[in-house]
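All remarks here apply to the structure that follows.
The values are calculated or read from the model by the stated rules, or taken from the named source; none is laboratory data. Since the structure is predicted, the reported quantities are computational estimates derived from the model, not experimental observations. Glycine also receives a Cβ, built like all others from the backbone with ideal geometry; neighbour counts cover every protein chain displayed. To get the accessible areas, we keep the full protein, side chains included, count just its heavy atoms, and leave off ligands, DNA and RNA. Shrake-Rupley method; radii C 1.70, N 1.55, O 1.52, S 1.80 Å.
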Amino acid sequence: DAHVRCVQGEGLKQLRFYEYKGYKAIRIGKQIWMNDYLSIESPNSICYLDDSEECSKGRYYPYSEALSICPEGWHLPSKSEAITYVNTLKKEGCDKKSTRCGIQSTQGVYVPKTGNFEDIGGDVMLWTSSKNFLIIQEQLINKLKIEEFSRSVSENWKVAVRCIADDEDKKEE
């Protein structure tokens, strides 16, 4: 016997969490995203404050490593996939406090030139495979967007990664 429980709410679709290819994942529209920041060690990745106890919260990767760090069955989102992600979350009414939408506010950026972690607990930044474009969740004004940065950013910053699942018929972009 199957039971259905109806809950009165705001009318927003509930986004589902589940395991996908060995990782906690969330379906956002037609896309499947890792729910957590990637924490695979690589030669040039770094944990927050360079503290190994912080690694479980995700690592920061240079763009050159972010491009190939996602495990098999996953990939770094393209600019168009990132735009779909942002638009879907906006349509669902997700905001910075919504764990239901898989947005976490712990990641900022590591700037090797200064040796500083910047914007931690402020803006969330995630790499896309389209060089110079990052997914940004602006915490202070609660705005989710894709932003283009100068080439020096993608060559010098270390940023968090959330991978997106490959489609069965995914073609190389």
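Look at the range 139-151: where a residue is of a type in the set (Asp, Glu) and a partner is part of a loop (DSSP other than H, G, I, E, B) and modelled with pLDDT of 75 or more, sitting 6+ places away or on another chain with Cβ atoms under 8 Å, you get 148/132. Residue count for the range 42-93 under the criterion of being assigned to a loop (DSSP other than H, G, I, E, B) and surrounded by fewer than 21 Cβ atoms within 10 Å (Cβ to Cβ): the result is 9. For the range 144-157, the condition holds for at least one residue, the condition being that it is more than 18 Å from residue 28 (Cβ to Cβ), buried (at least 20 other Cβ atoms within 10 Å of the Cβ) and at pLDDT 85 or above.
Filtered by the rule that a residue be closer than 22 Å to residue 80 by Cβ and open to solvent by less than 70 Å² (accessible area, probe 1.4 Å), the range 17-36 gives 20, 25, 26, 28, 29, 31, 32, 33, 34, 35.
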